[in-house]
Amino acid sequence: MAASFALLVVLVVAALTGEAAGQVVNITIGPSLGGGGVAGAQRSRRELVPAMFVFGDSLIDNGNNNDLPSLAKANYFPYGIDFNGGPTGRFSNGYTMVDEIAELLGLPLIPAYSEASREQVLHGANYASAAAGILDITGRNFVGRIPFNEQIRNFQNTLDQITGNLRADDMANSIARCIFFVGMGSNDYLNNYLMPNYNTRNQYNGQQFADLLVQQYTRQLTTLYNLGARKFVLAGIGLMGCIPSILAQSTNGRCSDEVNRLVQPFNANVKMMMSNLNTNLPGARIIYIDIAHMFEDLLVNARSYGFSVANRGCCGIGRNRGQITCLPFQTPCPNRDQYVFWDAFHPTEAVNILMGRKAFNGDTSVVYPMNIEQLANL
C-alpha cells in the first residue's frame, strides 16, 4: 500500500510539475477508453501540457451519464460504432472534438470523471454531462445530469485526490499549465429556453437570457480560476437552428433563422466575457472557439470538405432523422464520413475531428486571440 502510494506521488510530480510537459516521454497508458488509445502498451508522445480538464454537455460527454438515472445516455449501439471499444457514452459514432484535441496535445484520451482511476486523472478528467447547462435547472426533463456547478465541484474533488503530498506552489504551477476546455450553453437553450415546459421564455427575452447565462458563466469560470486554472478554451454555441432536431420542425426545410438569432447574443456575450476576464484575472489566458463560424463554413462548403449530407442525421427517425434521436440497435447510414450530423443533435466523428484540428491550429477566423497549440506552448 505504501509503495503504491509513493508511486502515485512520483507520478503526480512527473506529470504535473512540468518534468514531462513539452518533452518526449515513454509512459505506460492505463486501460484505454478506445479510439486511438493503446491499452497497456508503451508509446512515445510529446506532451504539450501536463493535463486537460473538460467541462461541458453531450457534445463532449464521454460516459459520465452512464450510471445516472438519466434519459440522456449514449452507452448503447450504434453510438460508438466507429470507436475502438464500441459505445462508451459518447454521443457520436466515434471521436468527440476533445478526443481529437487531446491527441493533438500529445495526451491519452481523457477519461470520464466517473470512471477515471487516480493514475489516469494525472492527465486530466472529463466532467461533461449530457443535458447539463450553465443553469442548474437546465435539462431537468432528462432527470439525471451534472450541471456545470456540480462539474466544478467534481474537479475540486479531483484536486483533493492528487494534492495530498505536493506543496501548494508546485500544484499551483502545475494546474496553471493545464488546459481547461469548457463547452457550455447549448442545453440552456435546447433544454430550457426553447422547451414548452419551462417558463424561461416568458421571463426573459433573448438578450436578457444571454445576459443571465453569462453572468453565471463568469462566476463559474472565476471559481475555476480561483482553483488554479489559467489556460481556458471556451467553445461557443454552433448554428443551433440548423441541427436535424430543429430542421424537423421546419415547414420549408431550411435552418431556423429565429433560433440562430436567439443564440447570437450568448456568443457575443461570451466573447466580451473572455476579453474582460483576460484583463481582470492576473495570468489568465482565455481563448474562444467560434463554433458558429466553423459550422457556417462547413454547411456552405460541405462538398469541399467531403460531406454530401448536411441536413439530416445519420441515425434517427422521422423528418430529417431528427424527430426521434438514435435508438438502441438502430441501423445507421453506412456512409457516415459523408454526413455532417450523426443524430438529431450531434455531429459525426468526421466533423468532430475536423473542428478539433481547426481549434488546435487554425487561424483567428475560427479561434482567437490564439489557437490551442499556441496557448499550450505559452
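The values are calculated or read from the model by the stated rules, or taken from the named source; none is laboratory data. Source: prediction; values computed, not measured. A quick note on method: Cβ atoms are made from the backbone with ideal geometry, for glycine too, and the neighbour counts reach across all protein chains shown.
Do any helices (runs of 4 or more DSSP H) lying entirely in the range 199-295 carry at least 1 residues that are among the aliphatic types (A, V, I, L, M), more than 20 Å from the chain's Cα centre (by Cα) and within 27 Å of HIS346 (Cα to Cα), and which ones are they?
Numbers: elements: 200-203, 206-226, 244-247, 257-280.
Once the helices (runs of 4 or more DSSP H) in the range 199-295 are filtered for at least 1 residues that are among the aliphatic types (A, V, I, L, M), more than 20 Å from the chain's Cα centre (by Cα) and within 27 Å of HIS346 (Cα to Cα), what remains is 206-226, 244-247, 257-280.
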(request) Could you identify the single residue in TYR76, TYR95 that is under 17 Å from the mean Cα position of the chain (by Cα), part of a loop (DSSP other than H, G, I, E, B) and modelled with pLDDT of 95 or more? (result) TYR95
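Would you check which residues across the range 165-188 are over 22 Å from ILE286 (Cβ atoms) and touching a residue at least 60 places away in the same chain (Cβ under 8 Å) and list them?
First pass over the range 165-188, keeping only residues over 22 Å from ILE286 (Cβ atoms): 165-170.
If the condition is that a residue be over 22 Å from ILE286 (Cβ atoms) and touching a residue at least 60 places away in the same chain (Cβ under 8 Å), then ASN165, LEU166, ASP170 are the ones that fit.
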(message) Being outside any helix (DSSP H, G or I), among the small types (Gly, Ala, Ser) and out of contact with any Cys (no Cβ under 6 Å at 6 or more places or on another chain): is that true of ALA176 here?
(response) no
(message) Every residue in the range 110-148 that is touching an Asp or Glu at 6+ places or on another chain (Cβ under 9 Å), more than 19 Å from LEU190 (Cβ to Cβ) and not in a loop (DSSP other than H, G, I, E, B), please.
(response) ALA112, HIS123, ASN126
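Going by the conditions given, is ASN320 in a helix (DSSP H, G or I) and at negative phi? Explain how you work it out, then say what you get.
Numbers: in a helix (DSSP H, G or I): yes; at negative phi: no.
So ASN320 fails the test.
I'm trying to understand the selection: among the residues of the range 223-254, which are buried (at least 18 other Cβ atoms within 10 Å of the Cβ) and free of Cβ contacts under 8 Å to residues at least 40 places away in the same chain? If you could, list the steps in order and put the result at the bottom.
Filtering the range 223-254 down to residues buried (at least 18 other Cβ atoms within 10 Å of the Cβ) leaves 224-225, 228-248.
Of everything in the range 223-254, just one residue is buried (at least 18 other Cβ atoms within 10 Å of the Cβ) and free of Cβ contacts under 8 Å to residues at least 40 places away in the same chain, namely GLY241.
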(message) Just to verify a result, which residue in the range 300-324, among those that are touching a residue at least 60 places away in the same chain (Cβ under 8 Å) and surrounded by fewer than 17 Cβ atoms within 10 Å (Cβ to Cβ), is farthest from PHE77 (Cα to Cα)?
(response) ARG319
(request) For PRO347, state whether it is touching a residue at least 60 places away in the same chain (Cβ under 8 Å) and either out of contact with any Asp or Glu (no Cβ under 6 Å at 6 or more places or on another chain) or not β-branched (Val, Ile, Thr) (or both). (result) yes
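Could we say that ILE81 is on the phi < 0 side of the Ramachandran plot, modelled with pLDDT of 95 or more and out of contact with any Gly (no Cβ under 7 Å at 6 or more places or on another chain) here? Show your work before the answer.
Details: on the phi < 0 side of the Ramachandran plot: yes; modelled with pLDDT of 95 or more: yes; out of contact with any Gly (no Cβ under 7 Å at 6 or more places or on another chain): yes.
Yes, satisfied.
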(request) Output the number of the condition that LEU281 fails; it satisfies all remaining conditions of (1) over 19 Å from GLY56 (Cα atoms); (2) surrounded by fewer than 16 Cβ atoms within 10 Å (Cβ to Cβ). (result) (2)
